Amino acid sequence: SGTGGVGKTALAYHKELHATFTCGLLWGSVGPGGDPLIALRAWAAELGLDPAHYPDPGDLKTAVKNRIAKKKLLLVLDDIWDSDHTDLLHCGGPHCAHLLTARSNRIARAFAGRDHALVVPHLGEDPAFVLLQAIAPGAVAADETLARDLLARVGGLPLAVELLGGYLTQESAGEHDIFADLGREDLAAFDPTALLEQAQAKLEDAAARKVRLADLLA
């Protein structure tokens with residue numbers, strides 16, 4: 001469990017985790033107000049079953065479980081907002097594992113138990129700085145103090161750091177021969193210090209208002 005944008009889904013995609021499960025993975029993303037039956041039907045189709053043959057959700061779950069049998073699969077229950085949604089997707093066999101991601105630690109603990117429910121924390125100051133430096137080295141080199149101040153404003157949220165890094169770098173501009181058409185004012189837009197200052201102004205404006213996480217990331 002953890003805050004939106006902290007990297008729960010990214011961790012579930014980690015290649016070392018997948019290497020353990022030689023038969024692959026079944027991924028079901030539910031979301032707020034979502035329907036776990038949609039994910040279960042997708043799993044059934046992936047396993048070669050026709051969901052239309054199983055109009056009853058309980059029968060469909062049994063069919064999926066029987067088809068999985070002794071396969072070594074990772075079943076990911078992603079973005080769960082309601083504890084009632086977990087039962088239908090808890091259908092792996094004896095050699096499977098289930099991985100749930102949720103913003104609510106209560107939901108995570110109800111599913112996995114106290115000993116197996118983990119909270120994914122925000123990045124510390126130094127790891128966040130290393131991540132930003134890897135994405136936008138020019139901007140960080142231009143003003144490290146301002147870069148660290150921006151990181152403090154986004155609170156060590158990995159998704160926010162990634163988006164901030166994308167804002168601070170203009171790597172895509174270098175992929176095309178466009179500089180011949182740019183004037184001095186246009187080139188100033190690619191100045192890393194100017195981008196840092198613009199990002200700071202945008203974040204200060206957002207901090208002055210009560211905004212949702214999605215608005216802050218935008």
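The values are calculated or read from the model by the stated rules, or taken from the named source; none is laboratory data. Given the structure is predicted, the values throughout are model-derived calculations rather than measurements. Glycine also receives a Cβ, built like all others from the backbone with ideal geometry; neighbour counts cover every protein chain displayed. Note: areas computed on protein heavy atoms with side chains; ligands, DNA, RNA excluded. Shrake-Rupley method; radii C 1.70, N 1.55, O 1.52, S 1.80 Å.
The residue pairs whose first member lies in the range 123-147 and is at pLDDT 90 or above and of a type in the set (G, A, S), whose second member is assigned to a helix (DSSP H, G or I) and buried (at least 16 other Cβ atoms within 10 Å of the Cβ), and whose beta carbons are closer than 7 Å, counting only pairs six or more residues apart or on different chains, are A128/L151; A128/V161. Pairing each residue of the range 154-180 that is under 30 Å from V120 (Cα atoms) with any residue that is modelled with pLDDT under 75 and of a type in the set (A, V, I, L, M), provided the two are 6+ apart or on different chains, yields C-beta distances under 6 Å for A160/L217; L163/L217; Y167/A199; L168/L195.
Checking every residue in the range 36-56 against the condition of being under 14 Å from L75 (Cα atoms), open to solvent by 60 Å² or more (accessible area, probe 1.4 Å), of a type outside the set (D, E, K, R) and part of a loop (DSSP other than H, G, I, E, B) gives zero matches. Looking at G24, G33, just one residue is at pLDDT below 95 and within 25 Å of S104 (Cα to Cα), and that residue is G33.
Summed over the range 57-108, residues that are of a type in the set (V, I, T) and either over 19 Å from A12 (Cβ atoms) or not in a helix (DSSP H, G or I) (or both) total 5. The C-beta contact set for the range 31-60 (first residue touching a residue at least 12 places away in the same chain (Cβ under 8 Å), second residue open to solvent by 60 Å² or more (accessible area, probe 1.4 Å) and hydroxyl-bearing (S, T, Y), distance under 9 angstrom, 6+ apart or interchain) comprises A39/S29; R41/Y54; A44/Y54; L60/Y54.
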